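Asks: Pasting in a structure now, in structure tokens, and then I'll have a few things to ask.
The values are calculated or read from the model by the stated rules, or taken from the named source; none is laboratory data. Just so we're clear, the structure is a prediction, and the values are computed from it rather than from any experiment. Cβ: placed from backbone, ideal geometry, glycine included. Neighbour counts: every protein chain shown. Just the protein is used for accessible areas: all its heavy atoms, side chains included, with ligands, DNA and RNA removed. Shrake-Rupley method; radii C 1.70, N 1.55, O 1.52, S 1.80 Å.
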Amino acid sequence: MKKIISLLLAIVMMFTLVACANDSEETVNPPENTTTEDNSEENTEETVEGTTEETPENEGTTDAEATDSTLGQTLLADFTETLTANPGMTAQEAADHLITNPAILFAPATMPVEEGYLSGFTTEITGFEEGVMFAPMIGSIAFVGYVFTLEDGADVDSFMNNLVSTADMRWNICVEAEEMIVDHVDNTVFFVMCPEALEA
């Protein structure tokens with residue numbers, strides 16, 4: 001299993017490097033948007049340049065075009081709504097649901113992960129029972145997401161703070177994520193680093 005995962009990661013890295021060689025545009029380093037449970041309401045009022053000052057609530061809406069929400073906020077709203085309605089959902093089921101969101105404009109895939117070095121982080125990530133990564137299958141899109149299920153009674157806030165403090169917004173070499181969002185429903189944690197929007 002580890003050999004297969006290593007082979008898949010090597011193939012993705014090869015395609016990423018090829019995409020970098022063909023990319024003639026210079027990447028602009030946008031400001032980082034980090035949303036944690038404590039300041040998520042504060043950050044939902046921030047908007048992309050040129051939109052209104054207040055972002056409408058995402059209740060029941062998962063289509064990024066229908067709101068002023070960023071890609072990460074749209075996926076978080078979908079995650080929160082889905083997990084609240086289905087509290088027994090596994091991390092794999094949640095990730096499989098998230099990649100069907102209409103805001104995902106690339107060919108996505110999910111992959112179970114084990115404790116250790118994970119794509120997008122500078123140190124080992126530990127302390128979860130089940131982890132699933134969701135990301136583009138191939139390409140140089142600065143997008144990586146995770147759903148983690150922690151043990152009952154685990155310190156969810158500490159786990160989320162560790163994700164934020166060890167995340168690398170430029171893990172993808174060629175491009176840099178524009179936003180980082182982390183939140184949870186009970187003991188299931190949502191984490192994503194991504195562009196604020198994807199072009200069709």
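Asks: Looking at (1) touching a residue at least 40 places away in the same chain (Cβ under 8 Å); (2) open to solvent by 40 Å² or more (accessible area, probe 1.4 Å); (3) within 16 Å of G127 (Cα to Cα), which is the only condition T188 fails?
Replies: Just one mismatch for T188, condition (2).
Asks: What number of residues within segment 95-105 satisfy the criterion of being assigned to a loop (DSSP other than H, G, I, E, B) and either surrounded by 15 or more Cβ atoms within 10 Å (Cβ to Cβ) or touching a residue at least 24 places away in the same chain (Cβ under 8 Å) (or both)?
Replies: Here is the first cut: in segment 95-105, the ones assigned to a loop (DSSP other than H, G, I, E, B) are 99-105.
Restricting the remaining residues to those that are either surrounded by 15 or more Cβ atoms within 10 Å (Cβ to Cβ) or touching a residue at least 24 places away in the same chain (Cβ under 8 Å) (or both) gives 99, 101-105.
So the answer is 6.
Asks: Here is a follow-up. Anything in segment 177-198 that is outside any strand (DSSP E or B), more than 13 Å from the chain's Cα centre (by Cα) and either of a type in the set (D, E, K, R) or more than 15 Å from G72 (Cβ to Cβ) (or both)? List them, or say none. If you could, list the steps in order and put the result at the bottom.
Replies: Going through segment 177-198, the residues outside any strand (DSSP E or B) turn out to be 177-178, 186-187, 195-198.
Remaining after also requiring more than 13 Å from the chain's Cα centre (by Cα): 186-187, 198.
Once the filter is applied, which keeps residues that are outside any strand (DSSP E or B), more than 13 Å from the chain's Cα centre (by Cα) and either of a type in the set (D, E, K, R) or more than 15 Å from G72 (Cβ to Cβ) (or both), segment 177-198 yields D186, N187.
Asks: Still on this structure, please answer the following. Scan segment 87-94 and tell me whether some residue there is modelled with pLDDT of 95 or more, open to solvent by 70 Å² or more (accessible area, probe 1.4 Å) and outside any helix (DSSP H, G or I).
Replies: So far as segment 87-94 goes, no, none of its residues is modelled with pLDDT of 95 or more, open to solvent by 70 Å² or more (accessible area, probe 1.4 Å) and outside any helix (DSSP H, G or I).
Asks: Okay, moving on. Filtering segment 63-84 down to residues that are within 17 Å of E179 (Cβ to Cβ) and more than 14 Å from the chain's Cα centre (by Cα), which residue is modelled with the highest pLDDT?
Replies: Here is the first cut: in segment 63-84, the ones within 17 Å of E179 (Cβ to Cβ) are 64, 67-80.
With the extra rule that they be more than 14 Å from the chain's Cα centre (by Cα), the set shrinks to 64, 67-69.
Working: A64: 40, T67: 54, D68: 79, S69: 91.
Out of the qualifying residues, it is S69.
Asks: So, in segment 129-165, of the ones that are open to solvent by less than 20 Å² (accessible area, probe 1.4 Å) and in a loop (DSSP other than H, G, I, E, B), which residue ends up farthest from L198 (Cα to Cα)?
Replies: L150
Asks: Could you list, in sequence order, the residues of segment 106-123 that are assigned to a loop (DSSP other than H, G, I, E, B), touching a residue at least 40 places away in the same chain (Cβ under 8 Å) and surrounded by 15 or more Cβ atoms within 10 Å (Cβ to Cβ)? I'd like the intermediate steps shown before the answer.
Replies: If we filter segment 106-123 for residues that are assigned to a loop (DSSP other than H, G, I, E, B), which is where we start, we get 106-107, 114-115, 118-120, 122-123.
From the residues that got through so far, the ones that are touching a residue at least 40 places away in the same chain (Cβ under 8 Å) too are 106, 119-120, 122-123.
Across segment 106-123, the qualifying residues are S119, G120.
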